[in-house]
Amino acid sequence: MSSERFYITTPIYYPSNKLHIGHTYTTVAADALARYHRLRGHDTWFLTGTDEHGQKIERAARAAGKEPLEFIDEIVAWIKELWQVLHITYDDFIRTTEPRHERRVQAMFQQLYDQGDIYKAEYEGLYCTQCEAFYTETQLKDGNRCPDHDVPVEKLREESYFFRLSRYADRLLKHIEATPDFIQPASRRNEVISFIQQGLEDLCVSRTSFRWGIPVPFDPKHVIYVWIDALANYATAVGYPDGELYRRFWPADVHLIGKDILRFHAIIWPIILMALGQPLPRQVYGHGWVLLEGGKMSKAKGNVIDPFTLIDKYGVDAVRYFLLREVPFGADGVYSEHALINRTNVDLANDLGNLLSRTTAMIERFAAGRVPERSPEADDAELAGLAGEVVHEVEDHLSRSELSSALTSIWKLVGRANKYIDETAPWNLARSQADRDRLAAVLYNLAETLRLVAVLLTPFMVLAPEKIYAQLGLAAEDPRAGWAVGARWGVLRSGVRVDRGEPLFPRIEDEAGDAAVAPGTGTPVAQPQPELLSIEEFKRLDLRVAEITSAERIAGADKLLTLSLRVGDESRQIVSGIAKHYSPEELVGKRIILVANLKPARIRGVDSAGMLLAASDGDQLALVIPEREIRSGARVK
Ligand code: MSP
């Protein structure tokens with residue numbers, strides 16, 4: 001990725017329906033990355049838009065008794081309002097019905113035809129109008145239903161134009177193999193490689209069965225296949241092939257998409273660009289799905305979550321934070337209102353909000369309301385060191401689009417600062433004159449941590465960082481709120497007045513039964529009425545006997561060990577927080593119980609695929625181990 005400029009795109013949305021919270025996920029994620037690059041001072045361009053042609057839209061308009069454009073205009077206005085409410089900072093919004101797009105798509109099509117990459121032939125196939133794609137019989141559900149939409153496919157027989165995908169398959173495969181970052185995350189890359197290895201067929205790229213599309217320039221009874229039209233937007237919007245923006249921003253740095261449209265972006269689009277002699281995008285990132293507890297969100301199921309309602313109820317920052325934190329970026333995640341409330345109460349109201357209100361309250365009480373002087377010799381090396389570490393982690397994660405991991409890193413610092421209050425107990429220091437300098441240093445360090453956290457949160461949240469600055473007496477335009485100056489320790493100005501404001505995130509009462517939270521810890525404590533699990537829910541846990549084959553300390557993390565495990569025939573690595581209770585030597589050879597289907601995580605830069613079970617009581621901790629000899633891999637139930 002270029003260090004000076006950054007061009008990011010979202011998919012362009014179908015304006016056939018209103019969007020749900022799952023759709024907003026891609027755009028909120030892209031917005032966070034665009035904001036981050038702007039904050040770093042990179043020349044940034046963020047494109048989104050709408051995909052307005054095709055039979056699906058034509059039919060939706062007809063069903064609503066409207067002309068296509070009349071129908072689309074209303075939804076586009078609604079979508080733009082949604083992006084405004086979510087504070088999406090796109091630089092351009094392309095509509096594929098705009099002349100600037102249509103004429104460039106026609107020019108692309110013409111060039112591909114002139115050079116023999118597009119040819120005419122007869123085609124018969126099974127077509128899903130929702131996907132706008134053909135399927136083979138074996139790909140269908142029950143022989144005739146679309147595997148994605150579960151609707152019957154239609155038999156379509158047409159004279160069509162075809163694009164010679166097959167001609168470029170080897171070149172694309174070589175590019176993917178030579179460029180590991182091109183398709184991310186790695187699982188998607190593997191999926192694409194194996195798909196191409198099965199052989200690519202030429203693609204049908206025109207339709208005569210409906211009119212709502214861009215006409216083929218040399219044969220206007222055909223319209224251009226909507227996916228060719230749509231994919232081209234990433235280039236046409238910046239003035240392909242020779243506009244000023246195109247020269248400045250092409251190739252795009254990231255096409256951020258959902259995993260369902262990976263093949264279009266990782267196979268068809270790069271091949272079009274190869275055929276046109278244009279550079280390929282640097283990365284196609286296919287993120288996972290936001291699911292509901294019962295599965296997919298869909299209008300047909302009537303279970304879609306309306307983003308406006310949610311933002312209205314919980315606020316834009318809580319919704320943005322939830323989406324980006326809850327779903328490990330790249331993997332699927334489950335949305336529930338209860339989980340959103342819990343995240344808001346625990347991470348935002350409790351961890352972050354309380355840190356701010358405790359800090360400003362103590363500065364008011366013990367330092368006459370002004371940020372104390374910084375005394376570098378009284379800096380707490382651990383807190384300042386962790387702050388520096390977290391900045392690097394965030395930069396590292398965001399360079400790989402790992403949004404949820406970046407937030408997890410930031411919360412490490414928030415958590416440490418809360419603990420620092422408990423350890424240093426400023427209210428005790430305030431009692432003795434001899435501790436005055438120490439007290440000043442502690443309060444400065446807390447305020448400085450909060451300022452730094454606000455800088456780090458700027459890509460993710462749109463209102464909270466400014467509120468934090470305001471309470472710390474810092475203007476949002478101050479360079480200390482920027483990355484270049486602000487993403488390091490020790491720059492907060494002393495002597496300025498703090499301004500204790502409203503709670504940053506008021507706690508939300510969860511009608512569905514809120515988790516009680518211990519102040520300052522961010523961990524739910526015992527609830528008065530614990531939620532009961534059904535046996536089916538319990539069975540979702542894959543618990544296995546595993547043998548520890550090696551154990552090692554992690555440098556700089558005194559609680560953590562990296563453990564290698566054998567689970568039946570499989571090898572695994574996990575990171576476990578038991579270093580204070582067990583030495584690596586005594587662990588090797590032990591059989592433990594592993595939660596084998598936990599989502600993988602990266603802890604202090606080490607991959608962890610699972611978690612072991614241990615009982616803890618106060619300072620004591622004991623591993624759970626099988627009571628008699630049993631083979632590793634055996635299931636625990
Ligand atoms: N118009 C095409 C994209 C063309 S891009 C050249 C399209 N549009 S869409 O409106 O159906 O979807 C837009 C994006 O929303 C896709 O990235 C899709 O993966 C994403 N999502 C739709 N539902 C989603 C979830 N439930 N969760 C996460 N992303 C979801 O496809």
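Details
- For the set H37, H23, the ranking by accessible area, highest first and with no ligand, DNA or RNA atoms included, is H23, H37 under a 1.4 Å probe.
- Too-long pairs where the Cα-Cα distance tops 32 Å, listed order kept, from K539/K559; K313/K559; K296/K539; K174/K299; K467/K559; K259/K590: K313/K559; K174/K299; K467/K559; K259/K590
- Cys residues of the chain that find no other Cys beta carbon under 4.7 Å: C204.
- Counting heavy atoms of the protein chains alone, L621 has an accessible area of about 50 Å² for a 1.4 Å probe.
- Histogram of C-alpha separations across region 531-637, 5 Å bin width, %: 2, 12, 23, 24, 21, 12, 6, 2, 0
- Anchor K120: lysines whose Cα lies under 26 Å away (excluding residues fewer than 8 positions away in-chain): K56, K155, K221
- Charge-dipole axis of region 546-615 as Lys and Arg at +1 and Asp and Glu at -1 on Cβ define it, positive-most pick from G568, A601, I554: A601
- The listed peptides 279-291, 227-239, 602-614, ordered by packing as a protection proxy, come out as 227-239, 279-291, 602-614 (highest mean of other Cβ atoms within 10 Å first).
- Per residue, the chain exposes 44 Å² of solvent-accessible protein surface, assessed with a 1.4 angstrom probe and all protein chains in place.
- Working note: 222 nm ellipticity from helices only, DSSP H runs with n ≥ 4, each -39,500 (n - 2.57), summed and divided by the residues of the chain, gives -11500 deg cm²/dmol to the nearest 500.
- Net charge of Cβ neighbours under 11 Å - reference S298; Lys, Arg +1; Asp, Glu -1: +1
- Farthest positive-ward along the chain dipole, Cα basis, beta-carbon charges - from L613, Y123, V453: L613
- Rg and Dmax of the chain, Cα atoms only, in Å: 27.6, 91
- Among W227, S399, Y14 the positive-end extreme of the charge dipole of the chain (Cβ point charges): S399
- When only the Cβ of Lys, Arg, Asp and Glu is charged (+1, +1, -1, -1), the dipole of region 35-182 relative to its Cα centre reaches about 340 debye.
- Nearest-20 debye value, the chain charge dipole, Cβ charges on Lys, Arg, Asp, Glu: 400
- Cα-centred dipole magnitude for region 5-287, charges only on beta-carbon of K, R (+1) and D, E (-1), debye, nearest 20: 520
- Spatially proximal aspartates and glutamates relative to K580 (Cα-Cα < 18 Å; intrachain offsets below 8 disregarded): E552, D558, D617, D619
- Sorting the segments 143-151, 570-578 by their residues' average number of neighbouring beta-carbon atoms within 10 angstrom, most packed first, yields 570-578, 143-151.
- Note on region 276-338: Rg/Rh from Cα positions, Kirkwood definition for Rh, rounded to two decimals, is 1.12.
- Within the accessible surface of the chain, defined with a 1.4 Å probe on protein heavy atoms only, the carbon and sulfur portion equals 49 percent.
- S16 exposes around 20 Å² of accessible area when a 1.4 Å probe is run over every protein chain in place.
- Short to long, the 10 Å bins of the Cα pair-distance histogram for region 145-191 hold 20, 25, 32, 23 percent of all pairs.
The values are calculated or read from the model by the stated rules, or taken from the named source; none is laboratory data. This structure is a prediction, so every number in the text was calculated from the model and none was measured. Virtual Cβ from ideal backbone geometry, glycine too; neighbours counted across all protein chains shown. Areas reflect the complete protein model, heavy atoms only, side chains present, ligands, DNA and RNA absent. Shrake-Rupley method; radii C 1.70, N 1.55, O 1.52, S 1.80 Å.
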